[in-house]
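Structure first, then comments.
Computed from the coordinates by the stated procedures, all read-outs in this text should not be read as laboratory data. Everything numeric in this text was worked out from a predicted model, so none of it was measured. Don't worry about glycine lacking a Cβ; one is built from the backbone with ideal geometry, like all the others, and counts go over all protein chains shown.
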Ligand code: SAM
Ligand code: SF4
């Protein structure tokens, strides 16, 4: 499946729910989200139906996200179904890790290959503050369990927030010295909850290179990855820098997103959406709709222009 700019689209991110057991300040409103009417959400059977069509069209990498994907009931059955599809080479999940201790074994058994775990601080009090009440221990235990089960390579995603975790860059990078874990620093995006204050707390990922002088660049394995990777001289894991603000990776973008309400988003930073749920429920030709939509994928985004999208990140999945 190629778009109008010749980019091969092979990566689908599926948000399974807007709900979450945490309330990260840059992502979710403090009061959480309104419960949707059951009918507004895709059922997991519908998610599978839609995913099957995407896979037939050339999607070979699927990531499940949210909200917190592990709060969606029935997720293991969906993973089993998705992993059995011919054509799916990689089935991954992005999670806050808090429920992983109990889920990691079953996820592996169901066919999940990869995990990205979000963790912004190694300090219990700071974790509680940024997540509005979360328990750091549960995430660390989740990471340990995933490691024990060999659900590797584990990638930890850390959003850089000025005055909050810039003093922890060295210790987070330090994890990659002894562990086969990648730490990826992501620039705070002015989206949804963070739209009004992201600029003020923004720190560029280049600060990581300023603080840890002995990081060595390593060649990019996957041109479509938004991360640029480095390593400590004897490091086991990698250090990735993802800068959606200060550097653009649109030219190699291979991804599209499906929200839990069945809207197809062709670009994370655009408000344009295609209603796949209604099309599915009214028996329209999904393949044609998807191919026509892919043709309209934007060439690039420019966050510097100040045109920020209105949805919160928990509604899109990152
Ligand atoms: N709940 C899961 C988690 O936290 O990993 C999956 C969904 S969460 C929306 C996906 C990713 O988006 C997380 O790594 C989170 O840190 C990131 N994120 C949310 N809001 C963001 C923002 N304003 N800027 C940058 N990253 C953000
Ligand atoms: Fe939940 Fe993930 Fe958003 Fe945090 S970043 S509130 S864990 S969805």
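Points worth noting:
- Cα-based helix-to-principal-axis angle, 136-148 vs the chain, degrees rounded to 10: 80
- Using alpha-carbon coordinates, inclination of helix 169-178 to the longest axis of the chain, degrees: 80
- Euclidean distance of C-alpha centroids, segment 199-227 and segment 113-128, integer Å: 18
- With helices as the sole contributors, the chain gives -8000 deg cm²/dmol at 222 nm; each DSSP H run of n ≥ 4 counts as -39500 (n - 2.57), and the sum is divided by every residue.
- Acute angle (nearest 10 degrees) that the helix 44-56 long axis makes with the longest principal axis of the chain, alpha-carbon atoms: 90
- For residue 43 and residue 220, the FRET efficiency from 1/(1 + (r/R0)^6), where r spans their Cβ atoms and R0 equals 51 Å, is about 0.85.
- Förster radius 22 Å - calculated FRET efficiency between residue 292 and residue 8, Cβ distance, rounded to 0.05: 0.80
- Taking every C-alpha pair closer than 8 Å and separated by at least 6 residues, the mean separation divided by the residue count of segment 11-315 gives a relative contact order of 19 percent.
- The separation of segment 155-178 from segment 34-111, counted between C-alpha centres, amounts to 28 Å.
- Take every DSSP beta bridge whose two residues both sit in segment 11-315; close to 25 percent of them are antiparallel.
- Peptides ranked, highest mean first, by Cβ atoms within 10 Å: ranges 152-158, 83-89: 152-158, 83-89
- Note on residue 149 and residue 60: with the Förster distance fixed at 25 Å, the Cβ-Cβ geometry gives a FRET efficiency of about 0.55.
- Label-reachable residues, segment 107-125, where backbone N falls under 18 Å from a point 7 Å from residue 197's Cα toward its Cβ: 120-121, 125
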